[in-house]
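Only one structure is covered here, and it is reproduced in the block below.
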Amino acid sequence: MPVVRDNATALYRQIADRLRDEIAARLFEPSGRLPTESEIGTRFGVSRVTVRLALDRLEADGLIERRKGKGTFTAGKRVQHPLDRLRSFHESLRLQGLDATMRPISARIVATPPDLREDFGPHCLEVCRLHLVDGEPVALGRSLLPPALEPVDWQAAGHKPIYGILQDIVGKPVGGADIEVKAAAADAEVAAALGLPAGAPVLVMDRRSVFVGGGCADRSVFHIRSERYSFILSHRWEG
C-alpha cells in the first residue's frame, strides 16, 4: 500500500509506521536485515532524505540498529541454535536461511588432552575457525579432531561443516553429542576475534561428539557473542 501524500502525517512518519508494523510481524526474519535505503525509497517513491528520517525515528525508538558497512537490522536480532537436534554449528546457522560463512584461523597438530588419548592417540588436530553471519563475527570455534584429518585443506574446505568432513575422512557418521553451555568473560584472543572488548560476556558451548557405534568424533568449544545468539530447547509432553 503506497503512502498518502496529502495526509497530514508526514511521509517519513507513515513509512516509519509501516516498517514498524512489518518488524512486529517478523517480515524481516530470519536475518533481521531491512532493505537498503535505496530499496525503501523506490518502494515508497520518496527521497533518501525521507527514508533516513523514517529510519532515524525507528532507531530512536530502539527498533533498529545500523551497522556500518553491513546495513540496517532489527534491534536485538538473535540467531537461534536448537539443542534438541544434532547439527554442526555452521549447519545450524545455514538452515535458518542466514548468510553464514566460516573463516579458517589455524590448523595444527597438538598434544592430545588426557581424556581424549584413548580415542585420538598422543596427538590430535586442533582447528580454529571464525563463524560469521552477514560478514559479522558471531562465534570463534576451536575443535580437537582425529589426526586422520591433518591432510585436510581447511581453506579449500570452505563452508563444509566438520561433521561432513569427519564422515568423508573417517568413514563414519556422527551419531550424538553432549553439550554444555555456560557464560564466561572473553579473554584477549577471543575478544579480538569477535570484535569485543576484553572481558566482555560471551556464551561458551562445549561439545563432545561421538560416532555411531562409539568413539569420540570431536571436542569443540565455541565462544559466542551473547547479544547475537540464543540456545533453544524444545520439549513435548508425552502422556
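Observations, loosely collected:
Every residue, every condition in (1) farther than 18 Å from Glu91 by Cα; (2) in contact with a Leu (Cβ under 8 Å, 6 or more places away or on another chain); (3) open to solvent by less than 80 Å² (accessible area, probe 1.4 Å), yes or no:
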residue	(1), (2), (3)
Pro147	yes, yes, yes
Pro161	no, no, yes
Asp178	no, no, no
Ala183	yes, yes, no
Leu203	yes, no, yes
Ala217	no, yes, yes
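- Residues (over 19 Å from Arg87 (Cβ atoms) and free of Cβ contacts under 8 Å to residues at least 60 places away in the same chain) located in the range 170-193: Gly171, Lys182, Ala183, Ala184, Ala185, Ala186, Asp187, Ala188, Glu189, Val190, Ala191, Ala192
- When Thr74, Thr36 are checked against the criterion of being polar (S, T, N, Q) and open to solvent by 60 Å² or more (accessible area, probe 1.4 Å), Thr36 stands alone in meeting it.
- Test for Leu140: is it surrounded by 13 or more Cβ atoms within 10 Å (Cβ to Cβ), over 18 Å from the mean Cα position of the chain (by Cα) and either in the same structural domain as Gly215 (by the TED database) or not in a loop (DSSP other than H, G, I, E, B) (or both): no
- Selection of first residues in the range 198-222 that are assigned by the TED database to the domain that holds Pro161 and of second residues that are among the hydroxyl-bearing types (Ser, Thr, Tyr), restricted to Cβ pairs under 6 Å at least 6 apart or on distinct chains, gives the following pairs, ordered by first then second residue: Pro201/Ser226; Val202/Ser226; Leu203/Ser226; Arg207/Ser220; Ala217/Ser209; Asp218/Ser143; Asp218/Ser209; Ser220/Ser143.
- Within the range 56-71, restricting attention to residues that are in a helix (DSSP H, G or I) and under 25 Å from the mean Cα position of the chain (by Cα), the residue that is farthest from Val133 (Cα to Cα) is Leu58.
- Each residue in the range 88-137 was checked for being of a type outside the set (Gly, Ala, Ser) and assigned to a loop (DSSP other than H, G, I, E, B), and 8 of them qualify.
- Filter result for the condition that a residue is surrounded by fewer than 15 Cβ atoms within 10 Å (Cβ to Cβ) and within 27 Å of Ala183 (Cα to Cα), over Gly121, Gly135: Gly135
- Qualifying positions in the range 149-159 - more than 19 Å from the chain's Cα centre (by Cα), surrounded by fewer than 18 Cβ atoms within 10 Å (Cβ to Cβ) and in a loop (DSSP other than H, G, I, E, B): Glu150, Pro151, Asp153
- Screening Pro197 on (1) open to solvent by less than 20 Å² (accessible area, probe 1.4 Å); (2) over 17 Å from the mean Cα position of the chain (by Cα) shows it passes everything except condition (1).
- In this structure, Glu59 qualifies as in contact with a Lys or Arg (Cβ under 7 Å, 6 or more places away or on another chain) and not assigned by the TED database to the domain that holds Ala157.
The values are calculated or read from the model by the stated rules, or taken from the named source; none is laboratory data. Since the model is a prediction, treat every value here as computed from it, not as a measurement. Cβ atoms come from the backbone with ideal geometry, glycine included; neighbour counts cover every protein chain shown. Please note that ligands, DNA and RNA were not included when accessible areas were found on the heavy atoms of the full protein model with its side chains. Shrake-Rupley method; radii C 1.70, N 1.55, O 1.52, S 1.80 Å.
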